[in-house]
Each structure stands twice: as C-alpha cells, then as structure tokens.
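See structure below.
The values are calculated or read from the model by the stated rules, or taken from the named source; none is laboratory data. Owing to the predicted nature of the structure, the values given are computational and were not obtained by experimental measurement. No Cβ is skipped: glycine too gets one built from the backbone with ideal geometry, and neighbour counts run over all protein chains shown.
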Amino acid sequence: MATDERVLPCWQQKILQRLDSRLAKHVIADDPDCLLAEESLQQALIESGFTLHFYEDSIELRHFLFVQLAGDSSSCVISVNSDHHDINALPFDLLTGAPHLSISLRDCFPDLSYSVLKSLQAEELNTLDAALDEGTPGQMNESASSDFVLRHVFKLAPEIIQTSSDLLRCLLRLHYRDIELPNVLKSRLIGLLTRRKQFVHWPLHDIVSTKQCFFEFLQRHWSAYVDEVIKSLVQGTGEPMTIYQVKGEEKINLPLGHDDVRIYIDNLFLEGYLTPIELDNPDRLIGHWSLVGVLQDPDKEFKKRVVGLLKLCDESLPSKDDRHQQWMKYAYRWAELSAYYHSNKSHIKFSDTIAKDYYELQQEIDQHFSGWMLEKYSGLHNHPPMPPVMLHHVPRAMAREIDKSREAKVALVLIDGLALDQWVTIKSQFEIDDVLDESTVFAWVPTTTSVSRQALFSAKAPYKFAKTIGTTSSEPKAWRQFWLDYGLDESQVYYQKGLGTGELEGLVEQLSDRRLRVLGLVINTVDDIMHGMQLGAAGMHNQVKLWAEGGYLQRLITALLDGGFSVHITSDHGNVEAVGSGKISEGAVAKSRGQRARVYKTEALRNSVSFDSSGAVAWPGTGLPNDYWPMVMEGRKAFVTKGETIVGHGGISIEEVIVPYIAVSRDVNEK
C-alpha cells in the first residue's frame, strides 16, 4: 500500500485497512456519514489504487464507470449516502457483483454519542481522533460527549469560564475564527453558562448562536466603552470601569479593555466586523488603543485601516498545503482589503508605499493560490453538500430547508459576475436587520457563466451537462428538473433572469403566488457593468456601489423575506482587473475564446497552441466533459492586446474562484 497509514488519523486508518484494490473492480460503500469525502482519506484511496465516486443516481453512475473511467485500470469505490439514497436502487449487476462495505461514525468512534459525532466536520473528527488517541475516557452519553468535544475539539472548557473576560475571550475566539458550533454543542454550552449568576444579564442564546448577533452586541456597547475611556483619561484614572449600561439593556460587566480581549477587537475593526464610531475631537484618544474604533479624518482613517489590513493579510496568507476552509476565510479578509483599497484610492499619497505593498501582496497571493488550485481543487466537488463547498452544492443545501418543513420556501438570488470584494461594497449599503449568514463557495473552473452558472442551477458537475456546456439556454429547464426530481410540482418552481434594474412591483406580484416554494432569480447588472468597464477594479467598485445605493437588491431581499422565503445569495464567478499579454495566434483551433480562458476539443489541440509567456496554465479536466480542455489564466493577465487593461473572468485568481454565499433569513417571531 503506497500510503503511510501512520500519517492518517486512526479513524481513517480503520477505513483504509478494510479496502483492498486487488479484491474487486468495484466496491460499494454504505457511507451515511460521507466519511469518504474527507480530503486526506480521498488522497490515501487514490494512492492505494482506487477511484472514488459519490453516488447520486444510476444513470450518472453508469456514465462515470463506462465513459469517465473507460480504460482506467483502478478499482472504484462507490460511496452511497444511505441517509439520502436507497442503496438497493443501484444497478442490479453492481449490487450482485461488487462487495459491500459499511462505513459509519459509530464504527470509528464507538464510545461517543452519535448525535454529537454526526454534527462534526471532517477536520473536527481528526482533532477528536487525536484527543482520543491520548486517552480513552470510556462510554459517554450526549452530555458527556458534548463536553468532551467542546473541550478537546473547540478548546472551550465550560467549567473554567467563570468571569466576564473568560466568556468574552471565548466568544471572540469562536466567532472571529468563524467557528460554527453545531447546534447540539451550542445548546449544551448555553445550558451550562445560564446556570451561572454572573452571566444572568448576558443575552447568551443570541451571542453564542450567531456571530452576527455577537458582533452587533459588541457594536452596541462600544460607544459606552469609549465614553468611559474619555472620562478616565480626563480624570487620569487609567482603564475605565467595565460595568456600564447601554440604553434598553441590563448593566453587564464587559471588559473590552482587557488584554486578552483587545487583541481581537483591533482586528474586528480592521476587517469590518465592527464599525468605527464618530466622535468629536477624536485626537484626544491618541495614545489609547480604542482609537482603532473611532473615525478620524479621511486620510488618517484610510492609512490606519489599509496598513493594518495589509499587515494582517500578509501574516495570515495560507500556503498551498492548507485546507480549503483556510482559503475561504482568507478570501473574505483579502476582499475586505481590496474593497477598501479600490474604493479609497484618492487617499493614497504619492510618497506612500501603500500601493506598492498592495500589489506585491497581490502577486504573492496569486502565486500561493494558483499553486493550491492546481494541487487541491480537484477534490472539492466530492464534498458533501452541507455545508456547501462548491456552487453545485447550493441547491442541495436549499433542499435541506424544504425537507425540514412543508411550509418552507427558498429563493436563490444569483448575482452574475459578482466578486467577493464587490459583495463587501454592496453590503456596506445594506440596512437589513434580518439574520445574515456570510460564507463562501468555490466556482467551477473555467470561471465562465456557461460552466459555473449552469452547474449551480442544475446542481451538477459540468460533465453531466456536456451537450449544453457552451450556453445557459437550458438553465430554466435544469433548475425545474432538479426540483421535480426532488419531489416538488412544476407549479411550485420559478425561474427568471435579466433582473437588476427597473421596478420590482411586477416581479413581486408574480412571486406572491401561494403555490411557489422555490425561486431561481438571476441579476445581470454586475456582469453587464463588468463587460463595459474600462476603468479597472476601482471603476467596478464605484459602479457597483452606485447600483447598490439604488436599493434594488435590498428591496428584492426584503420583498422575498416578507413573502416567507429564506434567501440564498451567490455568484457564478467573480472578476479581476487584468492586463493583456497579447492575443493568441491559433486560427479556428479553439472551441471557446474568452479573455481569461480558452477551451479546446482535445488535449492534442490544446498542446498544439503556443502559450509561451502568456501566463496561462493547462487546467486538468476534473468534473469537465471529455471533449473540454481548458487553458486558463493565473495571476492578472488576459488574452487581449498587450498592455490593454480589462476587467474579466475565466481564470483561477482568488477573486474569480471564491465567491460569496450569503443566507438571509427572518426570525419567525418577527413575522
């Protein structure tokens, strides 16, 4: 066996030891917990002579085995999530001819509660495995399992959270690192904390449950804290008292100036989680750390924030060996810097090194990310749909909401071409009090509309729509078909594109049809702006901001929420400012010609074209049709006249690939 099993967690070794590629051509794995989707286990299986396929339906399985794997000598492990698919629905010849294997969390972690195990992500299972390797605590019920996981996986030991600074530090660490506690663990933590009288006035349910509520809680108390700082500076009494009152709320002990808390607060203002407040004569706070959360004159404010973000982004840049979650989180941080930089270029002084530092960091990010993409991206499409990792997972995530309630209604709002940094600009114009859960997903490569948007609306990898991969004309049919296959009636499904401008009354009236449960809406405005843009990234941000100020998106989201829909906002791809490296001389060889991507019918045709010094790389065909061979741009170059500046897409920059995924919902108690 090629893989050194000692580098794998014990739970993965248990699975790998049960597989032998010499035993059979195909192996059926009953995998209700989607354990085979874990990155390192997938790689170990490949190195051990296996190909992995995640079962969705029998037709697709046959296509994979007899078309995609034609001539491949490796054995295939067919992973079936038996919680969602009937394993007996597999083709009869496979059922009778292939050995069966059962893989479950219960087998891998027999001493812990299944309800707790089921709530964990793969990387969290790895951490749990390491903790158990140091000592087995014995059989544990749900409460004991929750406590063990909180302590050893999430580094939250409820028994030592005794003071306000303890609690504040734990919540800052949790929410700033974007750690989403599973519901079973949230309930356990909240239950333990509410027993302590020192936290009786803290809104524990809200601030533990969501980072949005927690950051809003801090924002409400920041002004009161700064007021106390000013009083203490006037009186010369040092750090102010920590008990103060916000209008309409109980007095609580909130030590924002505590050393263990301050290190987080600085970054929260830098990254836009908290908003600096206006203050008369802010210079009186010079020398005090709280100045980071107070607006200064525009030039000082720009320099303070952009320099801080540059330092933060430089220090936290992931490597090509990091997991996709690290890049997803980093993309938001880089987007915050990019949005702020391009929206405030007028504040850059000629003598400043800010522009130089920004573009040097951008080049470093491009190098790291393109290396990661070429090595790690191919495994992403095999991940389970919850939480979504790629665009085609999003409809399945929405379907989970439909499963939970016969009254549930979901709306997908696709903003064509929207980059993550442009979402940051749009969000700054929002005034929505509803729950906003921000995350990211990966677009398909090449990052073009016909590939990535079609993958989203069909909920399929591109090789499954090979015949229509060059057009979006089949999108409405694919969207309806997904939901019909899911058990909905055609009258419950709606699709509309070409949105983004004009009045909304007519659309809202159509969407008021009580039969509708699923909407697919395409806003084309940002993509239209991009394809006419001649002023680069700064021009894009200016035009996107003007569109957002018009309020179309906010009115649409509000109308959908008023209509009882939960709203899922995303983009099919981002965009990037690029400079021409020269047009490619190829005659009629290319199947598709974009500014940052070229596609060829065969690998031989692609290899026949010279791309020397163009900045393009040959993209592997993972998830793509057999007659679809892309050449894509990394970095900031384009297949246009040398020196020409464009805003385009198709390549593998972080802005094009990692796109926003925002879930907006309304608390039922507000209706």
Given the conditions (1) among the β-branched types (Val, Ile, Thr); (2) over 26 Å from ALA548 (Cβ atoms); (3) in contact with a strand residue (DSSP E or B) (Cβ under 6 Å, 6 or more places away or on another chain), report the number of the one that THR471 does not fulfil. (3)
Can you tell me which residue is surrounded by the most Cβ atoms within 10 Å (Cβ to Cβ) among those in segment 257-276 that are without any contact (Cβ under 8 Å) to a residue 60 or more places away in the chain and in a loop (DSSP other than H, G, I, E, B)? GLY257
Within the set of pairs 6+ apart or on separate chains, which have a first residue in segment 376-389 that is polar (S, T, N, Q), a second that is assigned to a loop (DSSP other than H, G, I, E, B), and C-beta atoms under 6 Å apart? SER378/THR622
Which residue, of LEU560, LEU605, LEU556, is farther than 30 Å from GLU364 by Cβ, in a helix (DSSP H, G or I) and more than 26 Å from the chain's Cα centre (by Cα)? LEU605
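Any idea which residue in segment 502-540 is modelled with the highest pLDDT, counting only those that are in a loop (DSSP other than H, G, I, E, B), within 30 Å of ARG636 (Cβ to Cβ) and polar (S, T, N, Q)? Step through it out loud before you land on a result.
The initial filter retains those residues of segment 502-540 that are in a loop (DSSP other than H, G, I, E, B), namely 502-504, 512-517, 524, 532-535.
If we keep only those that are within 30 Å of ARG636 (Cβ to Cβ) too, we end up with 524, 532-535.
Okay, now just the ones that are also polar (S, T, N, Q), so 524, 534.
On the way: ASN524: 92, GLN534: 69.
Looking at residues that are in a loop (DSSP other than H, G, I, E, B), within 30 Å of ARG636 (Cβ to Cβ) and polar (S, T, N, Q), I get ASN524.
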Scan segment 192-218 residue by residue and report those that are under 20 Å from TYR176 (Cα atoms) and either out of contact with any Phe, Trp or Tyr (no Cβ under 9 Å at 6 or more places or on another chain) or among the aromatic types (Phe, Trp, Tyr) (or both). TRP202, LEU204, HIS205, SER209, THR210, GLN212, CYS213, PHE214, PHE215, GLU216, PHE217
Anything in segment 484-518 that is over 30 Å from ALA548 (Cβ atoms) and of a type in the set (Phe, Trp, Tyr)? List them, or say none. TYR486
I'd like the full set of residues that are in a helix (DSSP H, G or I) and at pLDDT below 90, limited to segment 195-205. LYS197, GLN198, PHE199
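Does SER610 satisfy being crowded, with 17+ Cβ neighbours inside 10 Å and modelled with pLDDT under 85? So that I can check it myself, show each step before the final result.
Working: crowded, with 17+ Cβ neighbours inside 10 Å: no; modelled with pLDDT under 85: yes.
No.
I'd like the full set of residues that are in a helix (DSSP H, G or I) and over 19 Å from ARG106 (Cβ atoms), limited to segment 23-55. Break it down into steps so the answer makes sense when it comes.
As a first pass, look at segment 23-55 and keep what is in a helix (DSSP H, G or I): 35-37, 39-47.
Correct list: GLU39, SER40, GLN42, GLN43, ALA44, LEU45, ILE46, GLU47.
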How about segment 187-203: which of its residues are buried (at least 18 other Cβ atoms within 10 Å of the Cβ) and within 26 Å of the chain's Cα centre (by Cα)? LEU189
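For segment 77-109, how many residues are in a loop (DSSP other than H, G, I, E, B) and within 22 Å of LEU181 (Cα to Cα)?
2
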Find all pairs meeting these conditions: Cβ atoms under 6 angstrom apart; at least six residues apart or on different chains; first residue within segment 22-41 and in contact (Cβ under 8 Å) with a residue 24 or more places away in the chain; second residue part of a loop (DSSP other than H, G, I, E, B) and surrounded by fewer than 19 Cβ atoms within 10 Å (Cβ to Cβ). ALA24/PRO99; VAL27/PRO99; ASP30/SER82; PRO32/SER82; PRO32/ASP83; ASP33/SER104
Looking at segment 264-278 only, could you name the residues that are modelled with pLDDT of 85 or more and aliphatic (A, V, I, L, M)? ILE265, LEU268, LEU274, ILE277
Hits in segment 128-153 - residues which are among the hydroxyl-bearing types (Ser, Thr, Tyr) and either within 11 Å of ASP111 (Cβ to Cβ) or surrounded by 15 or more Cβ atoms within 10 Å (Cβ to Cβ) (or both): THR136, SER145, SER146
Could you give every pair whose Cβ atoms fall below 9 Å, whose first residue belongs to segment 151-169 and is without any contact (Cβ under 8 Å) to a residue 12 or more places away in the chain, and whose second residue is of a type outside the set (Asp, Glu) and assigned to a loop (DSSP other than H, G, I, E, B), counting only separations of at least 6 or pairs across chains? ARG151/ALA157
Just one listed residue, out of LYS497, LYS583, is surrounded by fewer than 16 Cβ atoms within 10 Å (Cβ to Cβ) and either in contact with a helix residue (DSSP H, G or I) (Cβ under 9 Å, 6 or more places away or on another chain) or touching a residue at least 40 places away in the same chain (Cβ under 8 Å) (or both), and it is LYS583
Given (1) surrounded by fewer than 18 Cβ atoms within 10 Å (Cβ to Cβ); (2) under 24 Å from TYR463 (Cβ atoms); (3) touching a residue at least 24 places away in the same chain (Cβ under 8 Å), number of the condition ILE59 does not satisfy: (3)
